Amino acid sequence: AFEPSPKAEGWTLEGGVSTYGRDTIFNLINGEAELLFPFGFTQAFAFTYVSDEKSEEHMDVEAYAMGSPLDAFGIYAKYRDADDEIADLGAEGFVGSTMAVFCQDIYFVKIRFNTPRRNKPGLLAVGRAVSQALPGADAGLPALDMLRFEGVVTKTRAYVGEDLLGCSFFPPGLAADVQAGGQTYRATVVVFPDADAAAGGLARYTGDVEKRGAAPKVLERPLGTTLLLEDPGRGAAAVQHEGCNIVGIEGPANSSIQCALLLDRLLMKGKGAENRYR
């Protein structure tokens, strides 16, 4: 059973933890439950922290166990808006006027303050206490960390379930917009179960783009072997197999060299993530 911390800074856990499964989750969030199922939802935990200073104020917490860390990020990104303030919670989080939301390991967490006044310190205090009680408090999401390089538009990072790099056969992964030289590019990290599966995915991708008339060029570079291509239907791209992932940058036509330069930024972040989570 999930055991939240009994104390957060200025807040105390009151009562027990209510547990909900796939058959009972509608009792907790009847209007939003259907959003959870595509992301592998298994169970949820609900509990409350009460203010140590004002007993009428409380924070209601809901922690949802999803199918994987990618799934947890996926449902989190559904709740994040462009004007939300990104916070240092879990793998990624945000704090609104009366709500904080974050993802960590396989968990997606929502914290609601029961009054209309802003209380960022309280939301962060409770969020950090919940984070410490969840697995992976000192880790992140390596695939997401690869999309933390210069030029990435942070709030465009999203979990993408189909059509990554123009291929319907790829498994889900992460993608984000990148701004460089006045142009918008698209960074992608396709996540495979292991390195062999990723290598097989790249071979299939190569055959697919050749059929589309992209004629990829193989370029040996310091950070690995990169495919550079001009895809008649999608523009330029630089794509590479890196560990358990296929990573790529797509951009406007005739920008394959700039795509390769941006890919280096992504790969360097990936090397750092690999070292941290090894």
Restricting attention to the stretch 93-142, and to residues there that are more than 11 Å from Ala63 (Cα to Cα) and aromatic (Phe, Trp, Tyr), which single residue is modelled with the lowest pLDDT? Phe94
What are the residue pairs meeting all of these: first residue in the stretch 1-27, first residue among the aliphatic types (A, V, I, L, M), second residue part of a loop (DSSP other than H, G, I, E, B) and surrounded by 13 or more Cβ atoms within 10 Å (Cβ to Cβ), Cβ atoms under 9 Å, and 6 or more apart or on different chains? Leu13/Pro4; Leu13/Ser5; Val17/Phe2; Val17/Pro4; Ile25/Phe41
Specify the residue that is nearest to Ser51 (Cα to Cα); the eligible residues are those in the stretch 125-171 that are open to solvent by 20 Å² or more (accessible area, probe 1.4 Å) and in a helix (DSSP H, G or I). Arg128
Picking from Leu223, Leu229, Leu174, which residue would you name as being among the hydrophobic types (A, V, I, L, M, F, W, C) and open to solvent by 30 Å² or more (accessible area, probe 1.4 Å)? Leu223
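The values are calculated or read from the model by the stated rules, or taken from the named source; none is laboratory data. Note that the structure is predicted; figures quoted are calculated from it, not measured. Neighbour counts run over all protein chains shown; Cβ positions are idealised from the backbone, glycine included. With ligands, DNA and RNA removed, areas are computed over all heavy atoms of the protein, side chains included. Shrake-Rupley method; radii C 1.70, N 1.55, O 1.52, S 1.80 Å.
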